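Undergrad: The structure follows.
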Amino acid sequence: MAYLCAQNGRNMNFDLTQIPERTSQPRTSGLTMVMDKGLSIREAENLMDIAGPYVDIVKLGFGTAFVTPKLREKLEMYKSYNMPVYFGGTLFEAFLIRNQFDDYIKICKDYGVSYMEVSDGSITIPHAEKCGYIEKLAKHGVVLSEVGSKDAAHIIPPYKWIELMKAELSAGSTYVIAEAREAGNVGIYRGTGEVREGLVQEILTQIPEEKILWEAPQKAQQLYFLELIGCNVNLGNIAPNEVLALEAMRIGLRGDTFELYLEK
């Protein structure tokens, strides 16, 4: 007999006590953002079929939307699962540097994409100007803005991260994304993938945890945030084949978090 999980109506296969309460879909915190770097429509549908209850947003990584065959059909498939999808921030920057910001808005409307990422990881945008783009896009949908550089040599001090995040949330971002790239080796991480713990903890003194989406592609990074913030931390850049493994780790059903929620 399958038991119904009280947390969010998911059909769980066993009855286990001492499982932490996860937020329910549609979630506003405890998000899992998946990076789709080129799944076929069938692969994406398989992802939704097996992991849909644990995925909250799908990002079509960097500029892959431009070269994805049958893009409209793929987006329709995700829409059939009520799954929000957005184009990678690099695509936004590609439009912007070509003076095609208005075209970007038209493209998003045409394809029914109401989540939009504003980033400046590849190009330099004066921050007041970036906030202006956030403000304009927020009139058309949900904005996620990315803070942090893709250049490992460009180290942003903690006070500046906080200042940028506050300004972008004020401009209309629903979430601020803490940059890490798909490999998890810049921004909030050192080149080795190690978390810049002092930076993260200082950010959390000023920015609400539920407003930050931490890019955390590596298991050790995911574990760090689960231990620091809890099972309902927002995590992004998760590989499609890692969604169930992450959900198990979130609720203490993987060796790394096995004892986190057990009564002592």
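Undergrad: Out of (1) at positive phi; (2) touching a His at 6+ places or on another chain (Cβ under 8 Å), what's the single condition that is false for Met116?
TA: Unmet condition: (1).
Undergrad: Of the numbered conditions (1) under 24 Å from Ala180 (Cα atoms); (2) within 19 Å of the chain's Cα centre (by Cα), Cys108 fails exactly one; give the number of that condition.
TA: Of the numbered conditions (1) under 24 Å from Ala180 (Cα atoms); (2) within 19 Å of the chain's Cα centre (by Cα), the odd one out for Cys108 is (1).
Undergrad: I would also like to ask the following. Working only within the stretch 246-264, note down all residues that are free of Cβ contacts under 8 Å to residues at least 12 places away in the same chain and assigned to a helix (DSSP H, G or I).
TA: Matches in the stretch 246-264: Ala248, Gly255.
Undergrad: Identify, by number, the condition in (1) over 25 Å from Thr28 (Cβ atoms); (2) part of a helix (DSSP H, G or I); (3) among the hydroxyl-bearing types (Ser, Thr, Tyr) that Tyr78 doesn't meet.
TA: It is condition (1) that Tyr78 fails.
Undergrad: Would a scan of the stretch 205-218 turn up a residue that is touching an Asp or Glu at 6+ places or on another chain (Cβ under 9 Å), of a type in the set (S, T, N, Q) and surrounded by 18 or more Cβ atoms within 10 Å (Cβ to Cβ)?
TA: no
Undergrad: Only residues that are touching a Ser or Thr at 6+ places or on another chain (Cβ under 8 Å) and either in a helix (DSSP H, G or I) or at pLDDT below 90 (or both): list them for the stretch 172-204, please.
TA: Glu179, Asn185, Val186, Gly187
Undergrad: Residue check: is Ile156 surrounded by 15 or more Cβ atoms within 10 Å (Cβ to Cβ), among the β-branched types (Val, Ile, Thr) and closer than 28 Å to Glu135 by Cα? Don't jump to the end; show me each part of the working.
TA: Numbers: surrounded by 15 or more Cβ atoms within 10 Å (Cβ to Cβ): yes; among the β-branched types (Val, Ile, Thr): yes; closer than 28 Å to Glu135 by Cα: yes.
Yes, satisfied.
Undergrad: Any chance the stretch 223-232 includes a residue that's crowded, with 21+ Cβ neighbours inside 10 Å, of a type outside the set (Ser, Thr, Tyr), in contact (Cβ under 8 Å) with a residue 40 or more places away in the chain and part of a loop (DSSP other than H, G, I, E, B)?
TA: no
Undergrad: Would you call Asp120 in contact with a Lys or Arg (Cβ under 8 Å, 6 or more places away or on another chain) and either of a type outside the set (S, T, N, Q) or in a helix (DSSP H, G or I) (or both)?
TA: Values: in contact with a Lys or Arg (Cβ under 8 Å, 6 or more places away or on another chain): yes; either of a type outside the set (S, T, N, Q) or in a helix (DSSP H, G or I) (or both): yes.
So Asp120 fits the description; yes.
The values are calculated or read from the model by the stated rules, or taken from the named source; none is laboratory data. Because the structure is predicted, anything quoted here is derived from the model rather than measured. No Cβ is skipped: glycine too gets one built from the backbone with ideal geometry, and neighbour counts run over all protein chains shown.
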